[in-house]
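All remarks here apply to the structure that follows.
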Amino acid sequence: MTERALRVLEFVKIRERLAAFALTDPGQTLCRELVPQSELGDIQRAQQETEEATVILTYLGSNPLTGFTDVRPYLSLAEKGSVLSQKALLSVAEVLRASRAARSTLVTDRENTPLLTQNASRLHTFRELEEDITGAILSEEEMSDHASPTLFDIRRHIARANDKVRDKLNQMIHSGNTAKYLQDAIVTVRGGRYVIPVRAEFRANVPGIVQDQSATGSTLFIEPLAVVELSNEIREWTAKEREEIERILAALSASVGERAAEIEMNIAILTHLDFVFAKGSLSREMNAISPKLNTEGRIRFVRVRHPLIDPAKVVPCTLELGEAFTTLIITGPNTGGKTVTLKTVGLLTLMAQAGLHVPGDLGTELAVFGNVYADIGDEQSIEQSLSTFSSHMTNIVEIMADVTERDLVLFDELGAGTDPTEGAALAQAILARLLSRGIRTVATTHYSELKAYALTTPGAENASVEFDVSTLRPTYRLSIGIPGKSNAFEISRKLGLSEALIDDAKELLSHDTIRFEDVIANAEYHKQVAERERLLAEEAHQETMRLRNEAEKLYAEMEEKKQAATAKAKEEAKRILENARRESYEVLSELKHMKQAQDKTEANKLYKRLEGDLDSLSEGLKQNVKPVIRKNDRPLMPGDTVDILTLGTKGTVLKPKDDKDEVLVQAGIMKCKIHISQLQLSSDQPKKPKVSVNAKSDMKNASVALSCDVRGRALDEAIEEVDRYLDDAVMAGFHEVTIVHGKGTGVLRSGIQQYLKRHQHVKSCRLGKYGEGEDGVTVVTLK
């Protein structure tokens, strides 16, 4: 790719945006040196790396790499045996830490990032060397006491000697013999030695070595003879400290030098990874996609966007080139977006071949070209005495000399800057030559001759950028197949030019030119009308789809509620059946233990009756519950036989409906309230007496259980049920019965017990004992 094409198509700006996402200086350098490639395999690999980077960035939410300094100059010195500074060694440790972090993050069993995993797996980790450096060196200026046992011992001696000197001097400045000669009662340091400030006139009274004096000369900083020996000792230990630090740095530098080649390889890998993740970050920022690539010269844009225009303002572009036609001629008014479209074609081609994602929708496809040639903009040169036309023609001459069938050529205002007739002829000849060679070409123009050429020449196609004459603003939408109109007369009229001048100008145009422009204007008008109608139809279609989706959703919700109601009804039926089964088992158990021999016949009859009722209820539950609206000829009355739709069995009405439209029904030994909508008056009304036993008989009534379960009922409903049950129990001759009310909040238990204390048939009542149900039941003794 020529440097001029990279510049005029603004690829250099893309590189700067890319470099802003790199974390390291070497990574930024690699971004700024990025150039498009021309081999399909290399491009596909670069695109895959960018795609993998976006996957990892999306998964982790941030860049997995950490910044580091380029330490390659330090590595070179270490290899040669030089001693590195503390700053240099800390920078090396930073690279080692970045290598370890990148490897641990990227080398996983993730199957959708094979290239980045492979790259990261080549990183070397030197954890021991990294810890040796960071453990020994605290900062660029400070070495840790624990860098070595020798350094620790040396610093311990220095600390002791310092303490001795300070103690000695503190004694002197606070003693009466010395304090009167001092300027201030302080201990300070001059030239690395401890001194005290003595007034100059008392120099002879404080024996010692003058290390410094004040600016005025009135104060002398004297090192007393009493601490000279101790200060010399500190100097000796400090020298040993420097030697030990130098030895430690030399040892660490040698270790770095031994691994310099591997660390340098790490830097190269990390730099490449930094570059790849910069590409991924740029892709995410632009909301870009990985385009399809081909070598057949086929370009298909699906709502692509120029990456350097504000996303909130840019108008997506849809365009095709290289299949039905190889030359595209774009026409339309100035500032209508022709040049932006031209640059978008070139810039996105360069980005794709550089391994960058392009801002567009899925389905976008780009060709791999050997070179992209662009003649865009006014580059006239005063120094070279080149006019606008000459500058353009110089570029075109170079392009025509170098272009091949594998290249893409972009012309902005081809043939402009000279006589329109000659310019149009030159432009047509250039396009014809490129078309004959099958070279993919996009050109912008105002010449009507080129519009006509595209209309009549196979392999060439017109395109136009729309312009709203009513507002004098371009819409920036590109239309393939329709030539554009410059709209000079309409724009002039809107800006206030008189109709007379416009009419005079029209008279100067040839009849064929006017007719051709009118045909273009008519086609563009009808296209805009068709586009508006298409948008309206699309909106209507979307509204229809929305209403259909809402209807389907509503239907699904109704079906779900219906199934839920059915399941609830069936579950309620099961609960009733279980209660009935439990109560019947209690009665059957009582019957089995009847001791009176004379009652066996009647007991057997009642036993078979109960078994039949249970079987009937069980069969009803096996059927699907289908809610049915009741259709009865008359109100249900006590004694009527009804079909219980939710249970699939028959029952007998005991009480008429209440204010909740519920009827008390007995089905076998089971009594329950059922809504009239779930009852159907039976066609046959058998008149059978209920099975019961005379109260004078010793055998209890088989239709009355030994317990009454009112759990889950409201207090008034429970009291009503308990009242009926106690009447039946007394008639059956029971002496003791159980009321099951559950534990719950205690409201039901308290209310029932209060009611039982006032009941005429109750002798006494108590809570259940262990094994009887405890607080969940009340045992009632009947009179």
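The values are calculated or read from the model by the stated rules, or taken from the named source; none is laboratory data. Because the structure is predicted, anything quoted here is derived from the model rather than measured. Positions of Cβ are generated from backbone atoms using ideal geometry, with glycine treated the same way; all protein chains shown enter the neighbour counts. What goes into the accessible areas is simple: the full protein's heavy atoms, side chains included, and nothing from ligands, DNA or RNA. Shrake-Rupley method; radii C 1.70, N 1.55, O 1.52, S 1.80 Å.
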* Asked: Is at least one residue of region 298-318 touching a Phe, Trp or Tyr at 6+ places or on another chain (Cβ under 9 Å) and open to solvent by less than 10 Å² (accessible area, probe 1.4 Å)?
  -> no
* Given the conditions (1) at pLDDT below 85; (2) part of a loop (DSSP other than H, G, I, E, B), which single one is not true for S139? -> (1)
* Failed criterion for E717 (all others in (1) of a type outside the set (G, A, S); (2) within 30 Å of R634 (Cα to Cα); (3) modelled with pLDDT under 85 hold) -> (3)
* To do: Name every residue in region 477-509 that is surrounded by 16 or more Cβ atoms within 10 Å (Cβ to Cβ) and either closer than 15 Å to H446 by Cα or at pLDDT 75 or above (or both), in order of residue number.
  => R477, L478, S479, I480, I482, P483, G484, K485, S486, N487, F489
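The rows are residues; the columns are (1) over 28 Å from V368 (Cα atoms); (2) open to solvent by less than 60 Å² (accessible area, probe 1.4 Å); (3) of a type in the set (A, V, I, L, M).
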| site | (1), (2), (3) |
| --- | --- |
| S390 | yes, yes, no |
| I399 | no, yes, yes |
| V403 | no, yes, yes |
| D407 | no, yes, no |
| L410 | no, yes, yes |
| E422 | yes, no, no |
| L426 | yes, no, yes |
| L434 | no, yes, yes |
* **Output for region 197-212, where each listed residue is in a strand (DSSP E or B) and closer than 14 Å to D184 by Cβ** => P197, V198, R199
* **Which listed residue, of A288, A352, A261, is small (G, A, S) and open to solvent by 40 Å² or more (accessible area, probe 1.4 Å)** => A261
* Which residues, taken from region 95-140, are farther than 30 Å from I248 by Cβ and open to solvent by less than 60 Å² (accessible area, probe 1.4 Å)? -> T105, L106, V107, T108, R110, T113, L115, L116, T117, N119, A120, S121
* **Among (1) surrounded by 13 or more Cβ atoms within 10 Å (Cβ to Cβ); (2) of a type in the set (G, A, S); (3) over 19 Å from G712 (Cβ atoms) - the single one G773 does not satisfy** => (3)
* To do: With the checklist (1) touching a Cys at 6+ places or on another chain (Cβ under 9 Å); (2) in a helix (DSSP H, G or I); (3) open to solvent by less than 10 Å² (accessible area, probe 1.4 Å) in hand, flag the one item V340 doesn't pass.
  => (3)
* Asked: What tally of residues in region 166-216 results from selecting those that are among the small types (G, A, S), surrounded by 13 or more Cβ atoms within 10 Å (Cβ to Cβ) and under 14 Å from V227 (Cβ atoms)?
  -> 1
* Please state which of the following conditions I158 fails to meet, knowing it meets all the rest: (1) within 14 Å of R242 (Cα to Cα); (2) open to solvent by 70 Å² or more (accessible area, probe 1.4 Å); (3) not hydroxyl-bearing (S, T, Y). => (2)
* Is it the case that region 251-258 has a residue that's part of a helix (DSSP H, G or I), open to solvent by 60 Å² or more (accessible area, probe 1.4 Å) and farther than 23 Å from D163 by Cα? -> yes
* Asked: Cβ-Cβ below 9 Å, separation at least six or inter-chain, first residue in region 418-434 and under 14 Å from I329 (Cα atoms) and touching a residue at least 24 places away in the same chain (Cβ under 8 Å), second exposed (fewer than 15 other Cβ atoms within 10 Å of the Cβ) and of a type outside the set (A, V, I, L, M, F, W, C): which pairs?
  -> none
* Structure fact -> Per the filter on region 17-48, residues acidic (D, E) and under 30 Å from T404 (Cα atoms) are E33, E39, D42
* To do: Specify which of the listed residues (G67, G27, G81) is within 29 Å of I133 (Cβ to Cβ) and open to solvent by less than 20 Å² (accessible area, probe 1.4 Å).
  => G27
* Asked: Taking interchain pairs and intrachain pairs at least six residues apart, which have beta carbon atoms under 7 angstrom, with the first residue in region 35-46 and closer than 16 Å to G297 by Cα and the second open to solvent by 50 Å² or more (accessible area, probe 1.4 Å) and hydroxyl-bearing (S, T, Y)?
  -> L40/T295
* Matching residues in region 319-333 - criterion: being outside any strand (DSSP E or B) and either in contact (Cβ under 8 Å) with a residue 40 or more places away in the chain or open to solvent by less than 10 Å² (accessible area, probe 1.4 Å) (or both) -> G322, A324, F325, T326, G332, P333
* Could you tell me whether region 154-175 includes any residue that is out of contact with any helix residue (DSSP H, G or I) (no Cβ under 6 Å at 6 or more places or on another chain) and not in a helix (DSSP H, G or I)? => yes
* Considering each of T271, T295 in turn, give the residue that is surrounded by fewer than 23 Cβ atoms within 10 Å (Cβ to Cβ), touching a strand residue (DSSP E or B) at 6+ places or on another chain (Cβ under 8 Å), β-branched (V, I, T) and in contact (Cβ under 8 Å) with a residue 40 or more places away in the chain. => T295
* To do: Any chance you could count how many residues in region 391-440 are of a type outside the set (A, V, I, L, M, F, W, C), in a helix (DSSP H, G or I) and modelled with pLDDT of 90 or more?
  => 5
